[in-house]
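**Student:** Just dropping this structure here.
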Amino acid sequence: MKSVQRVAFIGNHLPRRCGIATFTHDLHQAVAMARPDLKTCVVAMTDPGHTYDYPPAVRFQIQDDKLDDYVRAAEFLNSEGFDAVSLQHEYGIFGGEAGGNIIELLSRLTMPITTTLHSVLAEPTLAQRNVMRRILELSAKIVVMSEKGRQLLRAVHSVPNRKIEVIAHGIPDFPFVESHHAKTKFGFAGKMVILTFGLLSPSKGIETVIDAMPEIIKSCPSAVYVVLGATHPNLVRDQGETYRESLSARVQTLGIKDHIVFFDQFVDQATLLDFISMCDVYVTPYLNEAQMTSGTLSYSFGLGKAVVSTPYWHAKELLSDGRGILVPFGDSKAVGGEIAGLLTDDVRRNAICKGAYAASRSMTWAESAKRHLAVFETTREHALLGKLLPVNSIVPASTAYRIPELRMGHFLSFCDSTGMLQHAVHSVPDRTHGYCVDDNARALLFSSALSKSGEAQLPDTFTARFAAFIQHAWNPDTRRFRNFMSYDRRWLEASGSEDSHGRTLWALAECACKDSDISRRRWASALFKAALPAVEDFSSPRAWAFSLLGLDAYCTHVAGDPVANHARKLLADRLMTLFHACATPDWVWFEDLLAYDNARLPQALIQTGLTTCTLPYIEVGLRSLRWLNALQTTSSGYFRPVGTKSFGRIRQKPEAFDQQPVEACAAISACLAAWRADNDADWPAEALRAFAWFLGENDLRTELINPETGSCSDGLHPDRVNENKGAESQLSYLLGLLEIRQFKHITATERIKSASNPVGGDASHAVQPRTVPRSLFVPIPIHQSPDIISAPGPGQGRRATFQTGNGTPRPQSNR
């Protein structure tokens, strides 16, 4: 399918002076640079009574109060054959009540529209709500710049998650530099500079910092507060420069005129970046919480500045996890204390600066352009395919990357005559740490998943070695599996962890169902039955989950086994009891903490619920997985697995690092299980987002895999990739890749079926719903008892036809 060739942007544009104008200019420029072959233009909104010397990129102007201009703009865009339109929306820049004139343009366009909302109101007026409803209906995708924006769209306007993309406000890709050069340039050498920039208006809270300056000066006599920016044009139009003059009078009254400098000018980007480079502390003292996006905050954060801010929505997200400092609204004492503390503590200030700079690399305009282009491609693909696809068909949310081929060279290099080695030094297998049943169970899972996948199979000798290792790990005296073995084949323990036992059960069940060798299937089934009773005494929720995933496969293969059916109900009910005992509206989870392989818990309930038609299991699984996915999605829209530094922290937001492949693999499996449960296209999008983490869609914007060898790095540290490529990481990637390739195959098959079944054709060829209809779900309040309700009657629910090849990698340190 041909890619997008022509894109038009609608919004304010430089030289008009406002944040939207700057944003439209920067986004258009970034997209044009990312795709030099792309034809682009801007349709600029012009306010009444003004004229602007627009650059050639502006092909059409709309006087915002003239409806005819909106109609003619639509005719222009349609006649020029644009493939996609990007609308920059703010209520105040379009004419009509609540900016409703823009509907005249949007409703006439023939290409898909992506609307970027620069504000999302928590309590819109009736007129604002009605205008927004029409914009949302007419838009193929909605872009917001913060997670709060996504939450409000869903809560206030009931926008489905699959229609929303979170793309952080873009920033210039500027090097991390010390401040002294810029200070010398502007005449501030030897000073400690505090900076605020932007169009001046009362809502910015400049008075709060001015009132704090006397206390700041006591601690840091060289402190200077620089206020950069012209007065907002609307304020000048209505009141002249009264507000600026009131600020100057306040400075005089406090006797601090030598420590406050006003630059009454609207500066170009190069000058602005020099001003930001000059400052030691950047402050946004805004007075209103309901600020969804701040370009000034994004720019300063992106240049690696220590930021002190009031807790408006954007600041609360961007500055979380110690990346900046939040102070109460209008509290000059708190503002002064925090700024003074930073100015007098170089170590702390520099640490915040470096942390901010590192965290902002995914926000550069180049990265933002890639994200926007992927959205444009997706909306165009959906528009072209929409005429062929039934409602319940799935089109992946992003096709901006190529799914790698399945390569097993690195994986096979870890396998010797004993089994699979655990660790590596770079890409070289490390014999020092020997073997474990965990990784050999994962390897057997992978081999079993390959058997019915349509992919190239493992040589049988390798599968036999994994099976032999597991057989040797079985300790008949303890009725448990050993885990760790030294390189000289000595067992290092009599029994392994509960989790390793549960994972091994899962591998045995998958082998019993799918292995190409009938004798090995019988062996796996017999050992599974022998090892299953031990799980009833386990206390680990992850061991329960791994065992449930094995029971899901085993009970499908061996129908009517009373022991297995009893164990399945017992373990699933235990997870339900945990959930109802622990979950609150703010912590929708099974435990008071997050650890490793988190997504396996909801996955186990979803799959068990599907197989047994037990709807409460599915409901709890879906609810908890949605909550986990929200935690594992950054404001830039990337998958960010729960960091290992979070393990054991009670009911706290997870740390960002270290990130491990095991979490991405678990998220892929769980989201695809959820897709089979409720047929919502959000779930494949989440699975693809998690898989894209391997390909470089992550906090470091760094690929973890080698597509030629199939190797995968052991994870992400805050500043680098872990260059070791051990068995757990390798198998996490291969199992995730295999599931994504199977998913792609299924969706491609459905498209072919859909295309061959035009409207009115033989319904027997149409794509059928995969699982239990959503109408059958009975929502369960979080604190309701987990009593099981009646299963649906015949035909209301069925086993999913898409079988997973699941694996459950786990951090080595947690075995």
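The values are calculated or read from the model by the stated rules, or taken from the named source; none is laboratory data. What you see is a predicted model; the values in this text were computed from it and never measured. Cβ placement follows ideal geometry from the backbone for every residue including glycine, while neighbour counts extend to all protein chains displayed. Surface accessibility is based on the protein's heavy atoms, side chains included, excluding ligands, DNA and RNA. Shrake-Rupley method; radii C 1.70, N 1.55, O 1.52, S 1.80 Å.
**Student:** Can you tally the net charge around L373? Count Lys and Arg as +1, Asp and Glu as -1, for every other residue whose Cβ sits under 13 Å from the Cβ of L373.
**Tutor:** 0
**Student:** Can you give me the long-range amide H partners of G434? Hydrogens built in the peptide plane at 1.01 Å from N, cutoff under 5 Å, separation of 5 or more residues or another chain.
**Tutor:** When sequence neighbours closer than 5 places are left aside, the close amide H contacts are Q422, Y487.
**Student:** Another one. For a quick check: with amide H placed at 1.01 Å from N, whose amide H comes under 5 Å from V143's, ignoring anything fewer than 5 positions away on the same chain?
**Tutor:** Excluding prolines and chain starts, which carry no amide H, the hits are T115, T116, L117, E165.
**Student:** If you fit an axis through the alpha-carbon atoms of helix 242-254 and take the longest principal axis of the Cα set of the chain, what angle between them do you get, 0 to 90°, nearest 10?
**Tutor:** Computed tilt is about 90 degrees.
**Student:** Could you sort the peptides 413-422, 498-507, 250-259, 709-718 by per-residue average Cβ neighbour count (10 Å cutoff), highest mean leading?
**Tutor:** For the peptides 413-422, 498-507, 250-259, 709-718, the packing ranking is 498-507, 709-718, 413-422, 250-259.
**Student:** Let me ask you something else. Which whole-Hz ³J(HN,Hα) couplings does segment 573-581 yield from phi under the Karplus relation 6.51 cos²θ - 1.76 cosθ + 1.60, θ = phi - 60°, glycine and proline marked x?
**Tutor:** So the J values, rounded to whole Hz, are 5, 5, 4, 4, 4, 4, 4, 5, 7.
**Student:** Using 0.36 nm per residue, how much length does the chain from D238 to I650 gain when fully extended, once their Cα-Cα distance is taken away?
**Tutor:** Result for the pair: 143.1 nm of gain on full extension.
**Student:** Could I ask something else about it? Given a Förster radius of 60 Å and the C-beta distance between V428 and F76 as r, what FRET efficiency does 1/(1 + (r/R0)^6) yield to the nearest 0.05?
**Tutor:** So, using R0 = 60 Å, E works out to roughly 0.45.
**Student:** Next up: log10 I(q)/I(0), Debye, Cα-only segment 514-646, no solvent, q = 0.09, 0.10, 0.11, 0.14 Å⁻¹?
**Tutor:** Treating every Cα as an identical point scatterer, log10 I(q)/I(0) equals -0.30, -0.37, -0.44, -0.68.
**Student:** Lys/Arg Cβ at +1, Asp/Glu Cβ at -1, dipole of the chain taken about the Cα centre: which of A464, H89, S729 is farthest positive-ward?
**Tutor:** Selected residue: A464.
**Student:** Moving on. Rounded to the nearest angstrom and ordered from largest down, what semi-axes does the equivalent ellipsoid of segment 610-711 get from its C-alpha gyration tensor (root of 5λ)?
**Tutor:** Each semi-axis is the square root of five times an eigenvalue, giving 24, 18, 12 Å.
**Student:** Cut-off 18 Å, label point 7 angstrom out along Cα-to-Cβ of S222: give me the residues of segment 280-323 whose amide nitrogen falls inside.
**Tutor:** 280-282, 306
**Student:** Also, quick follow-up: Applying 1/(1 + (r/R0)^6) with R0 = 35 Å to the Cβ-Cβ distance of T253 and V347, what FRET efficiency is obtained, to the nearest 0.05?
**Tutor:** 0.45
**Student:** Okay, moving on. Which GluC sites (Glu not before Pro) in segment 52-123 sit in a loop by DSSP (not H, G, I, E or B) and have at most 15 other Cβ atoms within 10 Å of their own Cβ?
**Tutor:** Listed in order of number, the matching sites are E80.
**Student:** Evaluated at 25 °C with a viscosity of 0.890 mPa s, what Stokes-Einstein diffusion coefficient in µm²/s does segment 653-724 have when Rh comes from the Kirkwood expression over alpha-carbon pairs?
**Tutor:** Estimated diffusion coefficient is 190 µm²/s.
**Student:** Per residue, how much accessible area does the chain show when a 1.4 Å probe rolls over the protein heavy atoms, in square angstrom?
**Tutor:** 38
**Student:** What distance in nm separates the two pseudo spin-label positions at Q63 and D416, each 7 Å out from Cα along the beta-carbon direction?
**Tutor:** Result: 8.3 nm between the two label points.
**Student:** So, one more: Where in segment 1-81 are there chymotrypsin sites (Phe, Trp or Tyr not before Pro) that are in a DSSP coil and have at most 13 other Cβ atoms within 10 angstrom of their Cβ?
**Tutor:** In loop regions of segment 1-81 (DSSP not H, G, I, E or B), there are no sparsely surrounded chymotrypsin sites (Phe, Trp or Tyr not before Pro).
**Student:** For each pair in K148/K744; K191/K316; K569/K744; K148/K305; K645/K725, compute the distance between the two Cα atoms and list the pairs where it is over 26 Å.
**Tutor:** K148/K744; K191/K316; K569/K744
**Student:** Can you tell me the relative contact order of segment 174-307? Whole percent, Cα pairs under 8 Å, sequence separation 6 or more.
**Tutor:** After rounding, I find 37 percent.
**Student:** Restricting to DSSP loop positions (anything but H, G, I, E, B) with no more than 14 other Cβ atoms inside 10 Å of their own Cβ, which trypsin sites (Lys or Arg not before Pro) remain in segment 1-86?
**Tutor:** Listed in order of number, the matching sites are K2, K66.
**Student:** Determine the percent antiparallel among the DSSP beta bridges restricted to the chain, to the nearest 5.
**Tutor:** 25
**Student:** Please compute the net charge surrounding C41, taking Lys and Arg as +1 and Asp and Glu as -1 over other residues with Cβ under 12 Å from its Cβ.
**Tutor:** Residues near C41 contribute +2 overall.
**Student:** Amide H to amide H under 5 Å from R649: which residues, 5+ apart in sequence or cross-chain, H placed 1.01 Å off N in plane?
**Tutor:** L594
**Student:** In the chain, what percent of the accessible surface is made up of carbon and sulfur (1.4 Å probe, ligands and nucleic acids excluded)?
**Tutor:** Roughly 52 percent of what the probe reaches on the chain is carbon or sulfur.
**Student:** Taking the Cβ of P221 as the centre, find all other residues whose Cβ is under 13 Å away and add up their charges (Lys, Arg: +1; Asp, Glu: -1).
**Tutor:** Neighbourhood net charge equals 0.
**Student:** If you line up the long axis of helix 332-343 against the longest principal axis of the chain, both from Cα atoms, how many degrees apart are they, to the nearest 10?
**Tutor:** With both axes taken from Cα atoms, the answer is about 70 degrees.
**Student:** Going by average Cβ neighbours within 10 Å, how do the peptides 577-590, 523-536, 608-621 rank, with the highest at the top?
**Tutor:** Ranked by mean Cβ neighbours within 10 Å, highest first: 608-621, 523-536, 577-590.
**Student:** Right, next: Run through every distinct alpha carbon pair of segment 266-346 and return the Kirkwood hydrodynamic radius in angstroms, one decimal place.
**Tutor:** 13.0 Å is the Kirkwood radius here.
**Student:** When the Kirkwood hydrodynamic radius is evaluated over all pairs of different C-alpha atoms of the chain, what value in angstrom, to one decimal, is obtained?
**Tutor:** Its Kirkwood hydrodynamic radius stands at 28.9 Å.
**Student:** Under 11 Å from a point 7 Å along the Cα-to-Cβ line of D331: which residues of segment 129-155 have their amide N that close?
**Tutor:** Zone members listed by number: none at all.
**Student:** Output the relative contact order of the chain, whole-number percent, from Cα pairs under 8 angstrom with separation of 6+ residues.
**Tutor:** The value is 10 percent.
**Student:** Compute the angle between helix 206-219 and the longest alpha-carbon principal axis of the chain, please, reported from 0 to 90 degrees and rounded to the nearest 10.
**Tutor:** Rounded to the nearest ten degrees, it is 80.
**Student:** Which residue, chosen from I171, A98, T614, occupies the Cα position most advanced towards the positive end of the dipole of the chain, where the dipole is computed from +1 (Lys, Arg) and -1 (Asp, Glu) charges on Cβ about the Cα centre?
**Tutor:** Farthest towards the positive pole: T614.
**Student:** Order these peptides, 311-323, 118-130, by their mean beta-carbon neighbour count within 10 angstrom, highest first.
**Tutor:** 311-323, 118-130
**Student:** Need the full-extension length gain, Q265 to L570, defined as separation in residues times 0.36 nm minus the C-alpha distance. One decimal, nm.
**Tutor:** 102.8 nm
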